[in-house]
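Structure record follows, encoded as structure tokens.
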Amino acid sequence: MSEILYGKSPILETFRAGRRKIHRFFHLDRAKSDDALSEALDFCAKNRIPVKAISRDWLDSKLPGAVTQGWAAEVEDFPYVELESLLSKIHEKPQSIFLALDQIQDPQNLGAVLRSAECSGVDGVLICTDRATHVTPAVCKAAAGATEYLPICKVVNLARAIEICKEAGFWSVGTSLEATENALAFDWPAKTLLILGSEGKGMRRLIHENCDFLIRLPLLGKISSLNVSATAAVCLYEIQRARIASKAT
């Protein structure tokens, strides 16, 4: 199976990461040459990937409404990983961060979360099979290609997946507006499974009950909550800040 990626960053990172087979690369026939296009064309030439210059009408017909930046690529579907395989690979790491996303449905939100996850050194991400967006081309665009480097597991039963992670030594930390623990003063476990709920509804009851700890970010303004992608970015970098501070002492 294959899909059409679009946007310069997602396509370049797909080329660089080498996780997916590239079938074809498309660019606008009137595209100005720049470093990014030169890199893409050089990659295709070295790897014998067909290249086709196409019209704006062709691109708009294939990807209506998408912000393509004049680029598209036919690639194999996103390569999800199995949770057990991922856990075995990081078993020896003294510190690790996993991210579990409970039915996030907006592609822009998921992409932004995954971008923050990759940039902050997350070792693996769990997403739900049902009632959630998966790693689509729109998500890859929003993530600016970060998806190509992240091990992402698609799980049928998130509650059970959390239990499996806990059995492997992780402590589950959920974000909740009901929590009393301040995320900025939290003592993050060496192996942290950070859990974020969906837009609007937050974590489901069973996921909430599976959390070893509940934290919340302090809200000092008049708005009652942060976007899930903002919450993810702050918490993930707070984990890294705390770890850097602990090494300095």
Step by step: first the residues of the stretch 124-137, then only those that are buried (at least 22 other Cβ atoms within 10 Å of the Cβ) and of a type in the set (A, V, I, L, M, F, W, C), then the one that is farthest from GLU84 (Cα to Cα). Which residue is that? VAL135
Can you list residue pairs whose Cβ atoms sit under 7 Å apart, with the first residue in the stretch 28-49 being more than 22 Å from LYS62 (Cβ to Cβ) and the second being in a helix (DSSP H, G or I)? Count only pairs 6 or more apart in sequence or on different chains. GLU39/LEU12
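Which residue out of ILE207, ILE223 is closer than 24 Å to GLN105 by Cβ and either buried (at least 19 other Cβ atoms within 10 Å of the Cβ) or of a type in the set (Ser, Thr, Tyr) (or both)? Let's see the steps before the verdict.
Details: ILE223 fails: either buried (at least 19 other Cβ atoms within 10 Å of the Cβ) or of a type in the set (Ser, Thr, Tyr) (or both).
Answer to the check: ILE207.
Okay, residues lined up against (1) surrounded by 20 or more Cβ atoms within 10 Å (Cβ to Cβ); (2) more than 12 Å from the chain's Cα centre (by Cα); (3) without any contact (Cβ under 8 Å) to a residue 60 or more places away in the chain; (4) under 29 Å from ALA72 (Cβ atoms):
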residue: VAL122; (1), (2), (3), (4): yes, no, no, yes
residue: CYS140; (1), (2), (3), (4): yes, no, no, yes
residue: VAL156; (1), (2), (3), (4): no, yes, yes, no
residue: ALA159; (1), (2), (3), (4): no, yes, yes, no
residue: SER176; (1), (2), (3), (4): no, yes, yes, no
residue: ALA179; (1), (2), (3), (4): no, yes, yes, no
residue: ALA185; (1), (2), (3), (4): no, yes, yes, no
residue: ILE195; (1), (2), (3), (4): yes, yes, no, no
Which residues, taken from the stretch 223-235, are in contact with a Leu (Cβ under 7 Å, 6 or more places away or on another chain) and in a helix (DSSP H, G or I)? VAL228, THR231, ALA232, VAL234, CYS235
Take SER96 and decide whether it is without any contact (Cβ under 8 Å) to a residue 12 or more places away in the chain, more than 30 Å from ASP34 (Cβ to Cβ) and surrounded by fewer than 24 Cβ atoms within 10 Å (Cβ to Cβ). no
Counting only residues in the stretch 21-34 that are out of contact with any helix residue (DSSP H, G or I) (no Cβ under 6 Å at 6 or more places or on another chain) and at pLDDT 95 or above, the one farthest from VAL135 (Cα to Cα) is identified as HIS27
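The values are calculated or read from the model by the stated rules, or taken from the named source; none is laboratory data. None of these values were measured; they are calculated from a predicted model. Every residue, glycine among them, receives a Cβ derived from its backbone with ideal geometry; neighbour counts consider all protein chains shown.
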